[in-house]
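See structure below.
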Amino acid sequence: MKKLSILILLVFISFSASAQTAEELKKEQAPKKAQIAKLQGEVNAIQAKIDALPGWRKGAFGTIGASLSGFNNWYARTAPTASAGNIGVTVNGFANLIEEDFFWRNSAAINLGWVKLDEKGVAGDEGFDTATDVFTISSLYGKRLNKKWALSALAEYRTTIIDNFNDPGYLDFGAGLTWTPTSNLVVVMHPGNYNFVFSSGETVFESSLGAKIVADYSKKYGKLSVKSNLSVFQSYKTSDLSNWTWTNSFGYTVWKGIGVGLELGLRKNKQEALNNALIDNPAETFSTVDNKLQSYYLVGMSYAF
């Protein structure tokens, strides 16, 4: 009994010593964390000064998402032997020239996706089908009036790459004002803009004159990269020819540029809705078509270049 009491006492003393040591380590750790936070603040301030310097700024980050699966004699399924796959790739890049009296901002975004469900005994589904197909490139030039406002001209082109390249394709070209309240936010306001729409054959697509508004936000919050772009065209001829697209990209770096990425895209385009509806119903018109919200998303591994 005496030996048991001594053993319990030793365990208690050992536990107390460990707890005390842990407490001491935490006290020692606290001021070092404060030093790190202070140094990080100084680093961020220096980086802000670097970002404000004239010259080129270039960068890119992208996301890759993929899943593959297979079933062999899995009798719970209607088709017991099948294979499935889903692959998606998105890349966002920019090259901006920032000078004291002018700027030239260039960006490109690509989002491609493929999906496959191959069931043994069912013909015609062996290959991958296109799931997502988005390509956008833009170039904005601005002559500064002051630090926040500039006279500007914008060219923006949107289409698909895999299926129906340039059918339709949209080219916006216009001029007006650009507001840059911070280095991360650019707002384009062009009351004079022509929306060229390219398509083959007899289609509902039509070019028109209108107003263009673009809001682009890009910033890094530590390991998190954020990019959001809203592009709106308002036709002066009729709202049926108007359209907007809003894309949002996020990339969180975990290790050496590798991390987790998410991209979400939304769009409203009545011309595209009617063109699609006419495939099944030739009597469809602008006044009867259901212009539903278009969307896509991709989640997967990301890499920051």
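In table form, for the structure just shown:
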read-out: Given (1) surrounded by 15 or more Cβ atoms within 10 Å (Cβ to Cβ); (2) in a loop (DSSP other than H, G, I, E, B), index of the condition S225 fails; value: (2)
read-out: Leading residue by the ranking (surrounded by the fewest Cβ atoms within 10 Å (Cβ to Cβ)) among those in the stretch 189-201 that are in contact (Cβ under 8 Å) with a residue 24 or more places away in the chain and assigned to a strand (DSSP E or B); value: F196
read-out: Residue among N73, N92 that alone is at positive phi and in the same structural domain as G174 (by TED's automatic domain parsing); value: N73
read-out: Only one of S302, S295 that is within 12 Å of G62 (Cβ to Cβ) and either surrounded by 15 or more Cβ atoms within 10 Å (Cβ to Cβ) or in the same structural domain as E202 (by TED's automatic domain parsing) (or both); value: S302
read-out: Candidates K227, K237, filtered to the one that is assigned by TED's automatic domain parsing to the domain that holds F286, over 20 Å from F196 (Cα atoms) and of a type in the set (D, E, K, R); value: K227
read-out: Residue in the stretch 273-291 that is closer than 17 Å to V134 by Cα and either in contact (Cβ under 8 Å) with a residue 60 or more places away in the chain or part of a strand (DSSP E or B) (or both) present; value: no
read-out: Matching entry among A66, A82, A48, A60 (being within 20 Å of S218 (Cβ to Cβ), at pLDDT 80 or above and surrounded by 10 or more Cβ atoms within 10 Å (Cβ to Cβ)); value: A60
read-out: Total residues in the stretch 241-269, condition surrounded by fewer than 19 Cβ atoms within 10 Å (Cβ to Cβ) and outside any strand (DSSP E or B); value: 2
read-out: Scope the stretch 194-205; condition at pLDDT 95 or above and either β-branched (V, I, T) or outside the structural domain of W179 (by TED's automatic domain parsing) (or both); matching residues; value: V197
read-out: Any hit, the stretch 105-114, residues being at pLDDT below 95 and more than 30 Å from V186 (Cβ to Cβ); value: yes
read-out: Subset of the stretch 206-222 (residues that are buried (at least 17 other Cβ atoms within 10 Å of the Cβ) and either among the acidic types (D, E) or at pLDDT 95 or above (or both)); value: S208, G210, A211, K212, I213, V214, D216
read-out: Any hit, the stretch 70-79, residues being among the basic types (K, R) and closer than 24 Å to V260 by Cβ; value: no
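Okay, residues lined up against (1) out of contact with any Gly (no Cβ under 8 Å at 6 or more places or on another chain); (2) in a strand (DSSP E or B); (3) in contact (Cβ under 8 Å) with a residue 12 or more places away in the chain:
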| site | (1), (2), (3) |
| --- | --- |
| S139 | yes, yes, yes |
| L151 | no, yes, yes |
| I161 | yes, no, yes |
| L171 | yes, yes, yes |
| V187 | yes, yes, yes |
| T203 | yes, no, yes |
| V214 | yes, yes, yes |
| Y217 | yes, yes, yes |
| V232 | yes, yes, yes |
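The values are calculated or read from the model by the stated rules, or taken from the named source; none is laboratory data. None of these values were measured; they are calculated from a predicted model. Because the Cβ atoms are built from the backbone with ideal geometry, glycine has one as well, and the counts that use them run over all protein chains shown.
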